[in-house]
Each structure stands twice: as C-alpha cells, then as structure tokens.
Amino acid sequence: MCASGVAIAFRAKFIRRDCPFGFERSMTTPLETAARFNRISGIYDETRQPLTSEALDEVAAVLSRDGVQRILEAGVGTGRIALPLQQRGLQIVGVDLAREMMTKARGKGIQDLILADANRLPLKAKQFDAALMAHVIHLLDDPAETFESLRRVATKEIVIFVRDRDGASATDDGRASLRDTFRKAAAELGYQMPDRPGGWWNGFRKEKEFLASHPPTELVTVEDREVVTTIRERLSFFENRSFGYQAGIPEETLRRVRNRVLESVDADKEVRLQRVERMAIWRLAN
Ligand SMILES: C[S@@+](CC[C@H](N)C(=O)[O-])C[C@H]1O[C@@H](n2cnc3c(N)ncnc32)[C@H](O)[C@@H]1O
C-alpha cells in the first residue's frame, strides 16, 4: 500500500518503482523478504533461541483448552513452532513466502505447506480453527492488513506470538549492547552499519503498537527466562549474516568489524538476554 508522504526526500532510498508518489511503509517487498529468508534458511534454526519444551507444552495446552485442532501458521519458516505443535497432536498447514525455509520445514516432517503471501492467502474462508503467526509482525508492511487476512480463514481465534519487553528498556538490554559493540567497531572503521527499518527496535515497537491498536482477548506468557550468550557466539551469527539487516554488509567490512570487535572487547564475556514470549489471543465472534 502506498503512503503519500512529505518525507519522501528523506526516505528516497525506500521509494519503490511501483510506488512513484510515495513510499512503502515496509522497507522490503515480499520478494526481498523471501530472498532474505531463503539465503539464511540453512543457519536460521541455530541462530534463533528455541522455545523450551515446557513453553511449547503450554502453547499446546492453551490451544486445546480453546478447542483448536486445525491451525494455519502464516510465516511458518523452518517449522520451529509448527513441528513441536504437530508433535503435540495439532494439525498444521504452513504458509510462507520463502521456499527454502519451507524446504527445511518439509524435511522435518511438516507436509502441508503453501508458498504464498499471508496477505493474499489462496485459501477458502473459515477453514481453520485458528490462524497463528510467530515472529513475523516485525517483517510486515501493515500488520492490521495481515490480521484481517488471517481472520478470514479462522473460526475460533487468531494467535500471534509477541516478544514483549515489559520492564526492560528496549535499548539497554544485552541485545542492544551487543549491537552497539558491532556498530561502534564498524563506525571506527568508517562504516555505518545498516539499520533495521525505522531503527533497531522497530520490530518490537511494531508489535507493541499492534497490540495497542488491536487489544487481544488474552495475553498468555509462555516463557520468561534468562539466556546467557557470549560476544563470540553472537559474532559468529554476525559473520554468517544471520539477520536480515546484515545482508548488504560487504565481505571485507564484515571481516574487519569482526576482528575489531575481537581486539576491543573480551569476546568470552557473558551477555545476559531476557527471552520473553507471549501468546496474544483474539477470540473470534463467529
Ligand atoms: C522470523 S521467521 C519466523 C519463522 C517461524 N514462525 C519461527 O518462529 O521460527 C519469519 C518468516 O515469515 C515469513 N514471512 C514474512 N512475511 C511474510 C508474508 N507476508 N507472508 C508469508 N510469510 C512471510 C518469512 O519468509 C520467514 O520465513
């Protein structure tokens, strides 16, 4: 959807060819999103923190409590959520833009997969008890539009996993300090690290704003635990360009930033991250 904008001059790099008089709210097209995730599909699982099996038990219990059996997961990715739910007796159909991500999901045993955009689901209305989406909102142009698309195919509820940052400031937790370390090293080498669209924390802001504009019927915390990592481990993710915004960093810069970080900090120092995962549930009235 094109947004008309006086800020075009400042956002010129985000103007798309098909949007000549304005700019897209999203910085990436579906094709670009697919390309980004296809590229990292091989390392995706090892660079993301999994939900614990207790948390997954809790997710499955909440879904069964609500009488949910058949689920559409939009943005199914490598099946990190779909597989454990399937193993807990739920029936999953996955949709994703990225074919390679779904190849991983298929390899794990998720059979029903559809290559499609969650905003244009090639599915009949009201086919699923629930439509579920995990770790996708931050990638969406217009989460409200996707929400309506999910609503069309679900009868009982929509479930969206959100990573809340209640209490902890989004800018002063371990993740921010890690990113600052990489940014600082890059800046010292004269390279401005690319930002996430709208800033590092745009993704979390997007989730928060969406919850404020679409208050869920229920918010269930399924996980709240501390994760201990090291700068060295995160550096290996950085070297592998595990996160989308790292895609365009030139190889040589990546290598020099890595070396600079290793010279300037104790790479084995522990960094503590809080992993909070909540299920936002909207019960549908139909
Ligand atoms: C961060 S991954 C999350 C994957 C999985 N849900 C998980 O939690 O591991 C986001 C996934 O959403 C997909 N995606 C992003 N936008 C999408 C859209 N509009 N329609 C379908 N899939 C989308 C991406 O291709 C990617 O596989």
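Considering only residues that are small (Gly, Ala, Ser), out of contact with any helix residue (DSSP H, G or I) (no Cβ under 8 Å at 6 or more places or on another chain), within 18 Å of residue 219 (Cβ to Cβ) and in contact (Cβ under 8 Å) with a residue 12 or more places away in the chain, which ones fall in the stretch 53-97? The answer is 55, and nothing else.
Residues that are touching a Gly at 6+ places or on another chain (Cβ under 8 Å), near the ligand (Cβ under 9 Å from one of its atoms) and within 13 Å of residue 96 (Cα to Cα) within the stretch 110-141 comprise 118, 133, 134, 135, 136, 139, listed in sequence order.
Between 217, 221, the distinction of being modelled with pLDDT of 85 or more, exposed (fewer than 14 other Cβ atoms within 10 Å of the Cβ), under 20 Å from the mean Cα position of the chain (by Cα) and closer than 23 Å to residue 56 by Cβ belongs to 221 only.
Scanning the stretch 215-267 for residues that are β-branched (Val, Ile, Thr) and touching a strand residue (DSSP E or B) at 6+ places or on another chain (Cβ under 8 Å) yields 217, 220, 221, 222, 227, 228, 229, 230, 231. Taken over the stretch 28-52, the criterion of being of a type in the set (Ser, Thr, Tyr) and in contact (Cβ under 8 Å) with a residue 24 or more places away in the chain is satisfied by 28, 33, 41, 44, 47, 52.
Within the stretch 259-286, how many residues are part of a helix (DSSP H, G or I) and surrounded by 17 or more Cβ atoms within 10 Å (Cβ to Cβ)? Please lay out each step first, then the result.
We begin by selecting, within the stretch 259-286, every residue part of a helix (DSSP H, G or I); these are 259-264.
If we keep only those that are surrounded by 17 or more Cβ atoms within 10 Å (Cβ to Cβ) as well, we get 260-261.
Count: 2.
Entry remark, the stretch 91-126: residues being assigned to a strand (DSSP E or B), buried (at least 18 other Cβ atoms within 10 Å of the Cβ) and among the β-branched types (Val, Ile, Thr) number 3 in total.
Checking each residue in the stretch 200-214 for being at pLDDT 90 or above and of a type in the set (S, T, N, Q) picks out only 213.
Identify, by number, the condition in (1) closer than 27 Å to residue 65 by Cα; (2) modelled with pLDDT under 95 that residue 186 doesn't meet. So the condition that residue 186 fails would be (1). Of all residues in the stretch 138-155, those that are buried (at least 20 other Cβ atoms within 10 Å of the Cβ) and within 23 Å of residue 66 (Cα to Cα) total 5. Consider the stretch 61-84 and keep the residues that are more than 18 Å from the chain's Cα centre (by Cα) and either in a loop (DSSP other than H, G, I, E, B) or crowded, with 22+ Cβ neighbours inside 10 Å (or both). The one that is nearest to the ligand (Cβ to nearest atom) is 71.
From the list 228, 271, 276, which residue is within 30 Å of residue 130 (Cα to Cα) and β-branched (Val, Ile, Thr)? Lay out the reasoning, then the answer.
Working: 228 fails: within 30 Å of residue 130 (Cα to Cα); 271 fails: within 30 Å of residue 130 (Cα to Cα).
So the residue among 228, 271, 276 that is within 30 Å of residue 130 (Cα to Cα) and β-branched (Val, Ile, Thr) is 276.
Taking the stretch 26-60, which residues are part of a loop (DSSP other than H, G, I, E, B) and either more than 26 Å from residue 230 (Cβ to Cβ) or within 11 Å of the ligand (Cβ to nearest atom) (or both)? I'd like the intermediate steps shown before the answer.
Going residue by residue through the stretch 26-60, those that are part of a loop (DSSP other than H, G, I, E, B) are 26-29, 41-44, 48-52.
The answer is 26, 27, 28, 29, 41, 44, 48, 49, 50, 51.
The residue of the stretch 142-166 that is nearest to the ligand (Cβ to nearest atom), among those that are over 21 Å from residue 55 (Cβ atoms), in contact with a helix residue (DSSP H, G or I) (Cβ under 9 Å, 6 or more places away or on another chain) and not aliphatic (A, V, I, L, M), is 146.
The values are calculated or read from the model by the stated rules, or taken from the named source; none is laboratory data. Here the structure is a predicted model, which is why all the values come from computation and not from measurement. No Cβ is skipped: glycine too gets one built from the backbone with ideal geometry, and neighbour counts run over all protein chains shown.
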